[in-house]
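Undergrad: This is the structure I want to talk about, given as structure tokens.
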């Protein structure tokens with residue numbers, strides 16, 4: 001360091017370009033749930049192979065026994081569940097926000113969408129939380145939109161009687 005140069009000039013702290021989210025904003029796309037089918041097919045195939053090997057071998061081996069056959073059956077069942085829960089989504093978050101706006105009886109100000117799953121087969125659903133456009137909002141709503149066919153599953157609207165502190 002030269003005389004007269006401060007420690008502030010010597011080192012500046014900054015993020016690498018690939019981690020700087022402020023300058024590189026790309027639209028985020030939720031992954032489609034149909035990708036669940038790929039590991040489901042792998043689980044099913046491996047489970048069938050394991051079950052077939054243990055069934056055909058009929059040996060009293062320590063490695064090839066009924067416990068391994070049971071594991072193969074469980075793997076097949078998990079694979080079939082994974083395949084059956086691989087729904088192809090036809091509604092993205094923008095479509096869910098649009099459908100939620102038509103399902104409630106007030107004009108939306110702020111809103112957010114979150115992807116959730118419901119039921120045993122994990123059907124993808126958008127959970128949309130929305131507030132009315134007044135400042136502060138007078139109403140809020142929660143709308144569930146099916147991500148497979150776009151139907152509104154459920155909606156709830158209530159007055160927004162929270163205390164809003166304008167100084168925060």
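FYI, it's all coordinate maths here, none of it is from the lab. The shown structure was predicted, so the numbers you read here are calculated from the model rather than taken from an experiment. Every residue, glycine among them, receives a Cβ derived from its backbone with ideal geometry; neighbour counts consider all protein chains shown.
Undergrad: How big is the Cα convex hull of the stretch 33-84 in projection, averaged over all directions, in nm²?
TA: In nm², the orientation-averaged hull projection of the stretch 33-84 is 3.2.
Undergrad: If you bin every alpha carbon distance in the stretch 93-159 into 10 Å steps from zero, what whole percent lands in each bin?
TA: Reading the bins upward from 0: 24, 52, 19, 4, 0.
Undergrad: Neighbouring Cβ atoms within 10 Å as the yardstick, rank 161, 92, 146 fewest first.
TA: Exposure proxy ranking, most exposed first: 161, 92, 146.
Undergrad: Oh, and also: Once both labels are modelled 7 Å past Cα along the beta-carbon direction, what's the residue 88-residue 135 spacing in nm?
TA: Label-label distance for residue 88 and residue 135, simple model: 4.5 nm.
Undergrad: Pulled fully out, how much extra length does the chain show between residue 53 and residue 153, if you take 0.36 nm times their separation in residues and subtract their Cα-Cα distance?
TA: Computed gain between residue 53 and residue 153 is 31.4 nm.
Undergrad: With a 10 Å Cβ neighbour count serving as the proxy for reagent exposure, in which order, fewest first, do 106, 41 appear? Write down the numbers at each step before the final one.
TA: Values: 106 17, 41 14.
So the residues, fewest neighbours to most, are 41, 106.
Undergrad: Compute the distance from the alpha-carbon center of the stretch 71-95 to that of the stretch 96-168, in whole Å.
TA: Result: 26 Å between the Cα centres.
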